Amino acid sequence: MAELPKINIITSGHVDAGKSTLIGRLLFDSGVIRPEQMRKMEELAKELKKETFEFAFIMDKLKEERERGVTIDIMHRPFQTKKYNYTIIDCPGHRDFVKNMITGASQADAAILVVSAKQGEGIQEQTKEHTFLMKVLGINQLVVAINKMDAANYDEKRFNEISEEVKKLIRSIGYDPAKVPFVPVSGMKGDNVFKKSENMPWYKGDILVNEMDNTIQPPELPVDKPLRIPIQDAYTITGVGTVPVGRVETGILKVGDKVIFQPSGATGEVKTIEMFHKQQPDAKPGDNVGFNVRGIGKGDVTRGDVCGLASNPPTVAKEFTAQIIVLNHPTVMTAGYTPVFHLGTASVACKIEEIIAKIDPKTGQVIQEKPDFIKTGESARIRVVPTKPMVVEKQTDIPHLARFAIRDMGQTVAAGIVIDVVKSDAVKKSDKTKK
């Protein structure tokens with residue numbers, strides 16, 4: 001049997017839209033979660049007096065999340081449909097977890113935007129923020145699930161009302177609503193997720209998984225680009241050694257490869273590659289892997305590092321030029337401003353050294369050279385200096401490591417792409433010493 005194409009999909013939307021429950025339902029109905037696991041979850045949910053959360057528990061493995069009833073970490077769980085092998089990246093909806101959401105979004109090929117049909121919920125602040133971020137981070141394929149239809153008495157009028165609001169929102173961000181399917185679902189009860197619902201005879205479309213299969217196209221795999229793996233975490237496993245974990249963005253990782261981690265500069269040789277607990281000879285773009293590297297220790301690799309081949313190491317930036325759009329800043333952004341840039345899995349405070357020009361976001365034309373400041377809704381080219389070493393790639397070379405979000409005061413204030421990079425001197429010197 002030929003292997004199905006892989007698709008990484010994120011769910012996004014407001015914290016209470018029922019994302020984790022919907023995913024739990026997808027995994028349960030597709031057979032990934034066995035009934036006995038489900039029963040355990042139900043018992044645990046009762047114990048913690050959160051009776052309706054059992055599906056969400058599947059994704060919220062962390063104890064802290066179970067007690068708070070929210071999603072903190074990003075979970076990867078695979079499930080299959082007739083057409084694709086999906087990996088769901090469950091992204092947190094809570095404000096303080098947006099940086100995880102950004103990490104998730106930067107790894108996804110498509111998104112399910114979950115909006116609640118429950119009275120008083122609908123489109124909320126975070127629904128807007130997430131949708132905006134998805135577009136900026138380059139996710140162009142979208143499926144909308146209008147969830148909690150059971151809480152809206154399966155009312156067609158309510159479904160149409162929310163759908164219209166969502167259409168207006170996504171159109172304003174640059175999606176074409178005509179290409180986006182809208183499915184009325186209940187993650188809690190299972191309506192229209194894997195099985196056609198009898199509660200909504202008025203709905204003539206297909207179930208959620210089929211709409212996903214019909215809408216989403218697999219990404220072209222950037223196998224010919226240099227190897228880049230942003231590291232999400234590094235584990236030390238007794239008897240094995242140090243195992244960095246991350247998603248291959250570009251290139252191919254093979255057993256026996258000599259690799260380098262930047263900006264730390266640690267080098268080693270790949271001993272084994274593991275995916276979903278199975279050993280693999282290699283890993284391609286889109287694969288979430290753990291790989292054991294001979295020659296590196298526990299402290300050598302951390303979240304935010306990027307792995308590449310020693311022969312073509314990731315670029316550590318001394319400074320870079322970027323084009324940004326200010327999404328939501330309470331005042332204005334000026335030269336000297338030092339917010340946190342989230343790129344790949346790294347989050348580093350970076351100083352905006354100068355605002356080169358204000359740009360018309362639609363045409364890319366320069367409106368004003370060297371403006372004193374930029375504000376919400378404006379786009380600009382800026383020169384940026386990281387406060388500590390970080391890996392940055394040019395949009396034209398490796399777009400996967402050129403997209404970033406800028407956060408400050410607990411919110412995403414801007415997002416952008418890297419158009420040029422000045423390499424760090426320190427790295428150039430260390431390159432010479434290695435030769």
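Since every read-out is calculated from the coordinates, none of them should be taken as a lab result. Here the structure is a predicted model, which means the values were calculated and not measured. So basically every Cβ, Gly included, is an ideal-geometry build from the backbone, and we count neighbours across all protein chains shown.
On full extension of the chain, what length is gained from residue 302 through residue 385, given 0.36 nm per residue of separation minus the C-alpha to C-alpha distance? Provide the component values of the computation, followed by the final result.
Values: separation 83, 0.36 × 83 = 29.88 nm, distance 2.14 nm.
Stretched fully, the residue 302-residue 385 segment lengthens by 27.7 nm.
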Exercise for the section: Just grab the label-to-label distance for residue 168 and residue 311, each label 7 Å out from Cα along the Cβ direction, in nm (one decimal). Expected result: 5.7 nm
Practice task
Could you calculate the FRET efficiency of residue 365 with residue 178 from 1/(1 + (r/R0)^6), where r is the beta carbon distance between them and R0 is 25 Å, rounded to 0.05?
Solution key: 0.30
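Once you list every other residue whose beta carbon is under 14 Å from the beta carbon of residue 224, what net charge do they have if Lys and Arg are +1 and Asp and Glu are -1?
Working: positive: 225, 228, 284; negative: 220, 249, 397.
That works out to 0.
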Handout entry: Nitroxide proxy distance, nm - points 7 Å out along Cα→Cβ at residue 332 and residue 409
Key = 1.5 nm
Completion exercise
Counting sequence-distant residues (5 or more places) and residues on other chains, those with an amide H built under 5 Å from that of residue 268 are 259
Fill in the blank from the handout: Quick note on 227, 4, ordering by fewest other C-beta atoms within 10 Å, gives 4, 227
Handout entry: Packing-based order for 125-131, 230-236, using average beta carbon neighbours within 10 Å, highest first
Key = 125-131, 230-236
Problem - Ascending count of other beta-carbon atoms within 10 Å, so fewest first, for 331, 412, 376 - result: 331, 376, 412
